[in-house]
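Every read-out reported here was derived from the displayed coordinates using simple, explicitly stated rules and does not represent laboratory data. Predicted, not measured: the structure shown is a model, and the values here were computed from it. Glycine gets a Cβ as well: all are built from the backbone with ideal geometry, and neighbour counts include every protein chain shown.
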Amino acid sequence: MAVYPRISARRNNVVELDVTFFRGGVPTDPYAIRSVSIYKTQVLPHNLVAQFILLSPCDGSYPSPVEKATGDIPAGDCGTEAQEGALIPGKFVLNWEVPSDAQAPDVYFDVWSYYPTNPCLLAEFEGDTDCVLEDGVYCHQNLDSEDLAGLLLQNCGKFWVYPDNWVVSDNLSSIRIGFEPMDQKFRQPEVRPLEVGIMPLPLYDYDFNLNVPVIPFFTATITIETMSKEVLVDAVQMEMGIRQGSYRSNPFVFRYMVNTSSFLIGTYKYRVTITLPDGTTRASKDFIMTVS
């Protein structure tokens, strides 16, 4: 069973619902994720399609069925070494198997309910009998207590579900793709995404039924090289996202995270190559980015 990102979930397959919690702009684990509720179309009680209640952090299986995200952490200042497969602060993932009868195409919402702070460490809950000492840490055993309702926060994410259906092409028309570079100037010491907008062509007169069903399932790679053709990034996978603002005909972007500490100050050129579901590819022209 395939695993798809938020931008292109399919019925009868798994969608990776990832979130990162921030405190004061810094990725931080909340005390306890209480539940994840999934709604279709709108966040209304009658649109609830799935709900996952997590156990207390006192339980050894917490945060199941949610998982703590892992990844590679690059080397830092003062000689700190790179780490492979390390826990990423603040980041969690719920892998949800989209039902075969889910309404599609449609937008879905995942609502995460959580306690940002350990109630046992707050003055107003001092002496609470539900607070127990586990491995030297106070842990609250009754997170459903009405006394804690005021501490519970909620945040909402969204994702798109498409039918895992068949599309037939008569081979009379081909898909044409335009590329729009959205980032050119980077300044050290930035770590931020380089985004390239993609759009079906001709922009306001394309075949909707031919293009739209397959765009969310495009994959893309990026190659970055110096002006002397020395390859620095060789066909690295990009991820698809949504651009900000009101864009009805071209809302999709491909994104690559640029760490300017990996580049010398200067000018570079890059090219994006998109692979369509039928195996054909589309390549952009060479775009320019600068690091200063």
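General observations
- The chain, relative contact order [Cα under 8 Å, separation at least 6], %: 16
- P(r) for segment 177-291, from all Cα pairs and a bin width of 5 Å, is 2, 11, 22, 24, 18, 11, 7, 4, 1 %, short bins first.
- In order along segment 124-132, phi translates into HN-Hα couplings of 5, 10, 5, x, 4, 5, 7, 8, 10 Hz, rounded to whole numbers, per the Karplus curve 6.51 cos²θ - 1.76 cosθ + 1.60 with θ = phi - 60° and x for Gly and Pro.
- 222 nm mean residue ellipticity, helices alone, for the chain (DSSP H n ≥ 4; -39,500 (n - 2.57); rounded to 500): 0 deg cm²/dmol
- A Gaussian network model of the chain, with springs between Cα atoms under 10 Å, assigns the largest mean-square fluctuation among Met182, Met240, Met199 to Met182.
- Taking only alpha carbon atoms, the chain gives an Rg to Rh ratio of 1.02, where Rh is the Kirkwood radius.
- Using θ = phi - 60° and Karplus 6.51 cos²θ - 1.76 cosθ + 1.60, couplings along segment 212-226 (whole Hz; Gly, Pro as x): 4, x, 9, 4, x, 9, 5, 10, 9, 10, 10, 10, 10, 9, 6
- Taking the chain as a Gaussian network of alpha-carbon nodes connected by springs under 10 Å, the highest mean-square fluctuation of the residues Ser100, Ser228, Ser37 belongs to Ser228.
- Overall dimensions of segment 93-214, expressed as equivalent-ellipsoid semi-axes from the Cα gyration tensor (√(5λ), whole Å, largest first), are 49, 23, 12.
- Theoretical FRET efficiency, 1/(1+(r/R0)^6), r = Cβ-Cβ of Ser64 and Ala2, R0 25 Å, to 0.05: 0.65
- Modelled FRET efficiency - R0 41 Å, Leu232 with Leu152, Cβ distances, 0.05 increments: 0.30
- Which of Ala86, Leu148, Ile177, positive extreme of dipole for the chain (C-beta unit charges): Ile177
- Phi angles of segment 277-285 translate, via the Karplus equation with coefficients 6.51, -1.76, 1.60 and θ = phi - 60°, into HN-Hα couplings of x, 7, x, 6, 10, 10, 10, 7, 6 Hz per residue; Gly and Pro are given as x.
- Distance histogram for segment 3-162 (every C-alpha pair counted, 5 angstrom bins, percent rounded to whole numbers): 2, 8, 15, 18, 17, 15, 12, 8, 5, 2, 0
- Among Tyr162, Tyr108, Tyr206, residue whose mean-square fluctuation peaks in a GNM of the chain (springs only between Cα atoms under 10 Å): Tyr206
- Applying a DSSP loop filter and a limit of 16 other Cβ atoms within 10 Å to the trypsin sites (Lys or Arg not before Pro) in segment 204-292 leaves Lys229, Arg243, Arg248, Lys285.
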